[in-house]
Each structure stands twice: as structure tokens, then as C-alpha cells.
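Notes follow once the structure below has been shown.
The values are calculated or read from the model by the stated rules, or taken from the named source; none is laboratory data. This one's a predicted model, so the numbers in the text were calculated from it and none came from an experiment. Note that we place each Cβ from the backbone using ideal geometry, even for glycine, and neighbour counts take in every protein chain shown.
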Amino acid sequence: MTYPLTHRQYYEGLKAGKLLGLKCKNCGSYTVPPKICCAECGGTDVEVAQLSGRGEIRTFTVIRVAPEGFKAPYIVALAELEEGPWLMGNVDGLDPANTVEDITGKKVKVGHRVIPPTNYTAGEGVAVTFLLE
Amino acid sequence: MRRVAVVGVGMTKFGSSDKSQVEMFSDAAMEAINESNIRAKDIQALFLGNGLGDFEEGQMNMAPMCAAELGMPMDAPATRVEGACASASVAIRDAFMWVASGFYDIVLAGGTERATAMGTPLATRTFAMGSDSKYEGFNGITFPGAFAMVARLYANKYGISLEKLKERMAMVAVKNHKNGVKNPLAQFQKEITVETVLNSFIVADPLQLFDCCPFSDGAAAIVLASEEVAKRLTDKPVYILGVGQASNGPLYRQKDITRIRAREAAAAQAYKMAGLTPADIDVCELHDCFTIAEIVASEGLGFFAFGKGSEAVEKGETAIGGRIPINPSGGLKAKGHPIGATGAAQAYEIVKQLRGECGDRQVKGARVGMTDTLGGDFATVVNIIYGI
Ligand SMILES: [Zn+2]
């Protein structure tokens, strides 16, 4: 079947300042990041939709031992979007080198960062970022 | 379905090894074969757990090499099984299925891994390949980072101050190191204190170095046989009473990660097959890749109510001699975590415990034991219940 929204198309959306996902015509749920069917009911009758890009931090960590290719420290968080799905992103605008306050529950806006290709990445990547509102 | 028994187990010392992955597995497997009173030529199939052998030694397709190294017959299929850190438990469950179905009578399973060969940056990167490479990998998420987010969410959800939770997490490390002292095959055989944990450097806030299991090399192996064959081979068979395996999607899709739903599903399968409940388990080896991981696992397996696992550690309920001894081997924390071998090492410990061969770390009178192995970002969980 035709993919409703591939990861490349999702990346291109982020680069254009849009958070794209799927809206299920069966149950009404949103699926972000995209997959082949609705994340809630498995339905394949879905349409591409633009989300508000707003959410709230649910949990986070400051990574101080980084994988090869990344420079610590930086913040990784899971945020719950207004439309329901959770999304992983890097929190920008704080100084992770110093102690980071508890940002759980803080409102954020989704942005993006382009990650150049390196070993085992299958080309360029686009990472979601969160900016505190 | 036929009854299936463990007739032999073997394990290398965990830590840092100069041996290759094939050599380590062959070491452990030959011990298991000899203990089973069989010859390698009697084995009808091999299921080999291995996570990152390609990165560690540039070695792909290791299973047939192990079979040949051991002298197994050419017509025995040898298959690599990859389920990240749960690889060996996936392998054991598959081996169980083939014997239970009646297709084979004697099957070898286990795993091998040489993670220290990679060094910390590449190891951190390759371990993180268990995350969603498209939607999480580019954020630089690490495996400690995933459990760090579990810890913070857990503290908030259950209204436990992060300071209090960290102290109880440290007690998990203290307990498992204390157990590891009594295990000659453990990577760390040295006691630590709560202060050791809380004074160690931060890996992924709030997890500190001693909240984390080490990178390890090692292998473990197990020989399974049908009940009829097992009775001919050994007077100490340990039976597999129940198995479960479940699967889940990426972290962001799982939402509330204080509850690892794949574990709850896998454990329910295993308990149902065995006709047992959490109260029937005498000893458990569970997936303590991080201290918080042990706490949430002890709840997911049904030993404690959700939100009560950290308090149980503080009360000593998970120590040897406690209500439900957890990780008497030292667990991944102290025994070590050569990822593709871990599930088989857990099986090794439970089998030895049920045979009463664990010396100073023996859980007295243990008759039913359970293993719990987690792979990837809570994506694969395997639970196996053993009994005598
Ligand atoms: Zn739906």
C-alpha cells in the first residue's frame, strides 16, 4: 500500500517548520511520528494532518555520557503534544552544563535541528527540538 | 506440547575477556554439554543470542561458527537470535518451543557478547541503536537516558521525592554488589555503599555511574531436552514450567514508561502457562540494567504493587532471605551484562539455585525460579519460569 507519510516526508515537514502526523478517520486519534497505520486503533484510513506543535514536558534527562557522534551535555525529553501523542526531543535554550531545574510540566514548542549524515545513519537526520514557552 | 527440562548449564566469568565471542560461547557451551552427559554431536539445533557481534569483532553469522567449533553435526541448524539485551532469553524460549513441539529432543541455546571491545563511545552508540533510529537516535538518546527518564517520571507519578528515590535506587546497587561478592563468576565482587553510588559521576541525570550496569564480555549456555530424554541424562532435571515473550513499539509510543507493558504481557503468559502466581516464585533473576530498572521490573512481574517497589528494597524484601530474593547472582549490575548472553546467565543462576548449588548466595529451599530479560527500549521482554 502507499505509505501515508514516510519518515523522509516527516523530516521535510519539520524542516519547513511544520509538525506533520496522521489523523485517523476511524477513531480520530493523531499519530506522530507517522507510521503505516493509526497508533491507537491500527486503522489504515488515515489522512496527513498538521499538528499545533505545542505540548508539555512529561520527563527528561541530561545526557552526560554521549554516544559516538554527540557532544555532552544535552537534554533529551519526552513531551505530550496537545493532540495526545508523545514525542522525543532535545530541549534547547537551557544550560545543561549547570544543574537543570525540574522542567516537568513546562510548556514547549516543537522545532527541529538537521543532523548531518555519519556512520550508520542512512543519510541526513532531523531531530525534534523543544523550546520552552 | 511436551515437558522440557534443562539438563546442563555453563557460563564464563563475566568481565573483560581476551577470548573471541566464538571461544567464549564454546567455553560455556562445552561446560553445559559435559554437564548434560551428551556429546556435541547429539545436539540437534543451536539458538545463539548475540546483540552486537558485528560491531565488536566484525563478525557476522556467528552461530554456525560456534556449532562447528563445538563439533555439532552439520545437519543441525545454528541460528543467531537478536533481541537486543534479551537475545539469549529469546533464544532459550525458541529452543524450548522446538523441544516442546516434539520436533527436536536436544537443543543448545545461549548467548555471547564482547561489548568491552568497542570502548565506551561506540558501545554507548551501538546500545542506543535499540532505540528508534529515525525518531529517537538523532536526539542522542542513550540507554541510561531512557531509564533516567523512567526514574524522573516514577518519582513524579508516585509522589516520591527524587532524593528519596535515588537513595532507594542506590540500595538496589548495594544489594546486588553484596550478592556479587558471593558469585565467583561476577564481574564485580566488591561491596559498595549508598554513598559510593551517590558520589559517582552522573551518566544521565538522575542516573549516576553506580546506578548503571557495566559493559561486559561473557557467554552462557543451556542444554534443553525432552522430559523423557532428560530423565536418562540427569538425576537433577530442572523443568521449564512457563514461558512468555511480548513486543512493544518505540519509547515515545509507550507514553507512561514507568510501566513496561511488554513485561506485564510476557509475565502474564508465563504465569498462565505455569499455572502459578507471583507469590509462588521463590527466587528471581530480573533485568537490572539500571537500579530503577530493577524497581519497575519487580512491580511489573507482580511482586509488589506499582509505586511500592522502591520501598520494598529499603525494607530488604528483595535481599537473599527476604520475601522475594531478587538477583542473588549480583544481577546485571554486579555480575555484568554481556548483552547477548545475559538471559542465559540468568537461566544459569536460576538452574543452579533450584539445584541447590549456589553456596553462600543460595536461596534456601528454592523450588520455583523466574527469569526476566528486557531488550531495547522496553520493546522485547521474555519471562521464563523454572521449577523442580
Ligand atoms: Zn485510529
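Quick check, is B:Val90 crowded, with 22+ Cβ neighbours inside 10 Å, away from chain A (no Cβ under 14 Å), under 19 Å from the mean Cα position of the chain (by Cα) and of a type in the set (Val, Ile, Thr)? Judged against the criteria, B:Val90 is a match.
Listed by first and then second residue, the pairs linking a residue in segment B:354-380 that is closer than 25 Å to B:Phe147 by Cβ to a residue that is of a type in the set (Ser, Thr, Tyr) and part of a loop (DSSP other than H, G, I, E, B), with Cβ atoms under 8 Å apart and 6 or more places separating them unless they lie on different chains, are B:Gly376/B:Ser131; B:Asp377/B:Ser131.
Please go through (1) within 16 Å of the ligand (Cβ to nearest atom); (2) part of a loop (DSSP other than H, G, I, E, B) for A:Val65 and return the number of the only condition it doesn't satisfy. A:Val65 satisfies all of (1) within 16 Å of the ligand (Cβ to nearest atom); (2) part of a loop (DSSP other than H, G, I, E, B) except (1). The test for being within 16 Å of the ligand (Cβ to nearest atom) and either touching a Cys at 6+ places or on another chain (Cβ under 7 Å) or assigned to a strand (DSSP E or B) (or both) does not hold for A:Asn90.
With the requirement that a residue be in contact with a Gly (Cβ under 9 Å, 6 or more places away or on another chain) and in contact (Cβ under 8 Å) with a residue 60 or more places away in the chain, what does segment B:147-166 give you? Please lay out each step first, then the result.
Quick first cut of segment B:147-166, residues in contact with a Gly (Cβ under 9 Å, 6 or more places away or on another chain) only: B:154, B:156-160.
Once the filter is applied, which keeps residues that are in contact with a Gly (Cβ under 9 Å, 6 or more places away or on another chain) and in contact (Cβ under 8 Å) with a residue 60 or more places away in the chain, segment B:147-166 yields B:Tyr154, B:Lys157, B:Tyr158, B:Ile160.
Those residues that are without any contact (Cβ under 8 Å) to a residue 40 or more places away in the chain and either in a loop (DSSP other than H, G, I, E, B) or under 16 Å from the mean Cα position of the chain (by Cα) (or both), I need them from segment B:268-295; list them, please. Hits for segment B:268-295 are B:Gly275, B:Thr277. In the set (1) away from the ligand (no atom under 15 Å from the Cβ); (2) within 13 Å of another protein chain (Cβ to nearest Cβ); (3) free of Cβ contacts under 8 Å to residues at least 60 places away in the same chain, the condition left unmet by A:Leu14 is number (3). Filter segment B:140-173 down to the residues that are within 13 Å of chain A (Cβ to nearest Cβ) and of a type in the set (Lys, Arg) and list them by number. Scanning segment B:140-173 gives B:Arg152, B:Lys157.
Checked against (1) more than 16 Å from the ligand (Cβ to nearest atom); (2) within 12 Å of chain B (Cβ to nearest Cβ), A:Cys38 passes all but condition (1). Mind checking whether some residue in segment A:49-57 is in contact (Cβ under 8 Å) with a residue 60 or more places away in the chain, in a strand (DSSP E or B), more than 15 Å from the ligand (Cβ to nearest atom) and more than 14 Å from chain B (Cβ to nearest Cβ)? The answer is yes; a qualifying residue exists.
Identify all residues within segment B:209-261 that are among the β-branched types (Val, Ile, Thr), part of a loop (DSSP other than H, G, I, E, B) and touching a helix residue (DSSP H, G or I) at 6+ places or on another chain (Cβ under 7 Å); write none if there are none. Listed by number, the residues that qualify are B:Ile257, B:Thr258, B:Ile260. Residue pairs, Cβ under 9 Å, 6 or more apart or interchain, first in segment A:22-39 and outside the structural domain of A:Glu12 (by TED's automatic domain parsing) and part of a loop (DSSP other than H, G, I, E, B), second modelled with pLDDT under 95 and within 7 Å of the ligand (Cβ to nearest atom). List them. Within 9 Å, no pair qualifies.
Taken over segment A:119-133, the residue count meeting the criterion of being surrounded by 12 or more Cβ atoms within 10 Å (Cβ to Cβ), more than 10 Å from chain B (Cβ to nearest Cβ) and either touching a His at 6+ places or on another chain (Cβ under 9 Å) or assigned to a loop (DSSP other than H, G, I, E, B) (or both) is 0.
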